[in-house]
Amino acid sequence: MLKNLCQKMFGRSLWVYHANSGGCNGCDIEVLNALTPYYDAERFGIKLVGSPRHADVMLCQGPAMRSTAQALKRAYDAMPAPKLVFAIGSCACGGGVWFDSYSVIGPVEKIIPVSYYIPGCPPRPEAIIYGVAVALGLVDKKVAPVEFKELELPIPRYHPDELRGNDELVVYEKSEKI
Amino acid sequence: MHVIWTSLAVLANIATVLIVAPLAQGILRKITARIQSRQGPPVLQPYFDLLKLLGKEDIESGEYPLMQRFAAYLSLSIALCIACFVPMGFAVPLGSAGDVILLIYLLTLSGICTLLAGLAAGSTYSLLGISREMMTMIALEPLFAIALVVGALHTNSLALDAVLGGSAYKGVGIPLSGVLMLAVMLLSFQAFVQRIPFDISEAETELMEGPLMEYSGPKLALFKYAQMAKLILYSTLFVALFVPWGSTFPAPIGWLLFWMKVFVLVLLVTLVAATHARYRIDQAIRLFAGLICVSFVALVLATYGF
Amino acid sequence: MSLRSKFDETLLCLRAGRVTLPYPAQPQPAPEQFRGRPIFDAAKCIGCAGCANNCPAREILIFDVSQEIRVLQYLGRRCTYCERCAEVCPEKAITMSRDFENATDKIGDLGQRLELFMSTCQRCGRCFKSPSTLDELKMKGYRFDDIENERWIFRSQSRLEGDPVVDDVEIELD
């Protein structure tokens with residue numbers, strides 16, 4: 001019973017460790033904005049801690065670089081289970097515009113498994129809080145893949161040899177041979 | 001019969017500390033948030049924090065895992081031991097089992113737990129944290145010891161019930177030493193409970209949380225609980241020593257009045273913590289050195305009966 | 001650092017009340033001209049691939065299934081919401097919505113895929129005998145980005161083939 005209580009309390013108090021593995025610090029500033037009084041993240045019980053051993057959630061920013069990949073993996077391994085990883089910003093979600101640079105390995109998910117993605121460049125503090133709310137189950141996520149198909153087969157095909165007529169009226173007369 | 005009453009009183013004290021300590025921390029965080037013009041966490045947040053920490057995985061890390069375990073168990077048990085020697089509205093539960101000297105030793109031992117924790121981790125950050133904590137402790141523990149000794153000098157006894165009954169003012173004529181010690185304790189109270197102007201060693205993002213760096217899960221819950229309990233314990237000791245008025249009322253009113261005084265002190269701690277910045281270690285040591293000089297003057301005055 | 005100044009500081013902050021925005025409870029719209037997620041309007045798109053050529057993160061992939069069918073896939077992963085695709089679109093088929101609430105747990109949720117019918121010109125048409133693979137390579141207009149592996153295929157001379165070199169250097173820590 002105590003175990004159930006502890007697991008339910010996991011969502012009420014998330015302690016956050018902030019790991020920037022090579023980003024431009026734009027997303028860092030937005031994360032720090034989310035902890036200021038205007039967009040207060042502490043009302044959800046979120047606290048910024050200084051050591052990965054104390055933390056439940058790792059906020060990753062910046063793409064995974066060749067120089068910091070090992071450090072990032074070690075910080076992730078140091079966190080006690082159960083743990084979540086949020087990838088904040090376009091660089092952490094997919095590599096950003098630097099995805100094929102010489103020093104970038106790629107998105108953060110190539111090194112550590114990511115639980116939630118918060119894209120944006122940088123994401124607004126409200127977007128970060130929205131992502132946290134999605135993770136806590138307070139709101140539903142809003143994006144879904146969109147697919148659009150414009151065509152129905154068979155497609156009528158017009159060959160210039162089969163178009164008769166001149167002036168205004170052009171008639172399509174299908175000849176027997178294709 | 002006596003044994004049953006004593007054990008009931010001990011259990012009541014321990015239960016009170018265990019229940020009230022996270023509540024005081026929650027109120028502290030909420031008031032800090034309101035002073036910073038934001039909506040803070042709910043008041044029951046520290047209970048959620050502790051429960052969540054109990055549910056995490058326990059990683060034994062650092063250089064000496066055995067000492068890590070020992071330090072964690074020691075911290076909360078020392079805090080609960082001190083709770084048995086502190087009057088919380090009623091008489092001291094284990095008054096016949098110890099005296100003021102034991103109380104001074106227990107208070108110092110609770111500071112040593114942090115040093116052991118940092119040693120167990122063995123990394124640079126934690127060693128730096130415990131060196132700062134050692135310097136702070138050397139300058140700080142004598143202040144409370146001198147306050148208790150002043151009370152003991154006034155009442156000519158080392159028994160806890162006598163000393164912790166507002167004994168600082170019981171001298172001859174104007175209680176000079178009592179007032180001096182009151183001022184000294186008010187100025188250094190924040191350091192005893194490890195709050196903002198003086199939380200140099202722990203919970204500090206400069207040092208990656210210092211001595212507690214390698215703790216995770218249940219052991220961290222024990223340490224955090226001990227820290228929360230220290231706030232309540234030091235507040236009750238302060239109120240028992242220096243604010244005794246109103247403790248002579250009959251049972252429910254006297255108890256309520258005592259706890260109101262404790263919460264006023266917690267409020268004062270919060271207000272000071274929310275409006276100040278952290279001191280550097282040398283600034284803090286200079287302040288404590290000055291306060292030790294003043295408290296020696298108070299000690300000398302107390303020997304002469306003032 | 002006098003006591004009076006601390007007191008005044010506390011009163012000042014308390015006078016401001018509570019400034020926290022009740023954000024997830026109440027919606028907080030973004031200001032005008034905020035660049036949120038791009039929305040591709042398939043009714044207006046003519047499949048010119050201008051957006052794909054202009055995207056700095058190479059997020060838009062184009063693949064020609066056949067003469068008439070062109071697949072345009074926008075993967076949302078690396079998009080930096082810079083609006084270069086919308087600026088260059090001749091039909092104004094891409095609009096940057098003001099939608100910033102894009103958090104998700106599967107990164108594929110942000111993708112938009114359009115399969116477009118490239119209509120043939122009534123006169124000259126695109127329906128001539130489909131060229132051989134070699135001719136396809138030489139011909140402008142045919143695009144075959146790698147949709148399964150979600151990679152752009154670069155066709156310029158200066159681009160070397162293969163992935164950039166990674167995992168070749170072991171960097172030791174302490």
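What the table shows:
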read-out	value
Test for residue C:100: is it among the aromatic types (Phe, Trp, Tyr), over 30 Å from residue A:137 (Cβ atoms) and either modelled with pLDDT under 70 or surrounded by 13 or more Cβ atoms within 10 Å (Cβ to Cβ) (or both)	no
Selection count, segment A:44-67, where residues are of a type outside the set (Gly, Ala, Ser), in contact with a Ser or Thr (Cβ under 7 Å, 6 or more places away or on another chain) and surrounded by fewer than 22 Cβ atoms within 10 Å (Cβ to Cβ)	2
Single condition residue B:95 does not satisfy, out of (1) in contact with a strand residue (DSSP E or B) (Cβ under 7 Å, 6 or more places away or on another chain); (2) within 14 Å of chain A (Cβ to nearest Cβ)	(2)
Residue in segment B:59-69 that is closer than 24 Å to residue B:115 by Cα, in contact with a Ser or Thr (Cβ under 7 Å, 6 or more places away or on another chain), outside any helix (DSSP H, G or I) and not aromatic (Phe, Trp, Tyr) present	yes
Filtered residue count, segment A:2-27, keeping only those that are within 26 Å of residue A:90 (Cβ to Cβ) and at the interface with chain B (Cβ under 7 Å from one of its Cβ atoms)	0
Pick from segment B:25-54, criterion touching a residue at least 60 places away in the same chain (Cβ under 8 Å) and either over 23 Å from the mean Cα position of the chain (by Cα) or surrounded by fewer than 22 Cβ atoms within 10 Å (Cβ to Cβ) (or both), ranking: farthest from residue B:268 (Cα to Cα)	B:54
Qualifying position, being of a type in the set (Val, Ile, Thr), in contact with a helix residue (DSSP H, G or I) (Cβ under 6 Å, 6 or more places away or on another chain) and at pLDDT below 90, among B:92, B:3, B:43	B:92
Residue that is aliphatic (A, V, I, L, M), touching a strand residue (DSSP E or B) at 6+ places or on another chain (Cβ under 7 Å) and within 11 Å of chain A (Cβ to nearest Cβ), where the choices are C:60, C:94, C:107	C:107
Scope segment C:26-42; condition in a loop (DSSP other than H, G, I, E, B) and surrounded by 10 or more Cβ atoms within 10 Å (Cβ to Cβ); matching residues	C:28, C:29, C:30, C:34, C:35, C:36, C:37, C:41, C:42
Selection count, segment A:4-32, where residues are closer than 28 Å to residue B:56 by Cα and part of a helix (DSSP H, G or I)	9
Strands (runs of 3 or more DSSP E) wholly inside segment A:74-150 that include at least 1 residues being more than 8 Å from chain C (Cβ to nearest Cβ) and farther than 25 Å from residue A:40 by Cα	A:104-106
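The values are calculated or read from the model by the stated rules, or taken from the named source; none is laboratory data. As the structure is a computational prediction, the values presented were derived from the model and not from experiment. Don't worry about glycine lacking a Cβ; one is built from the backbone with ideal geometry, like all the others, and counts go over all protein chains shown.
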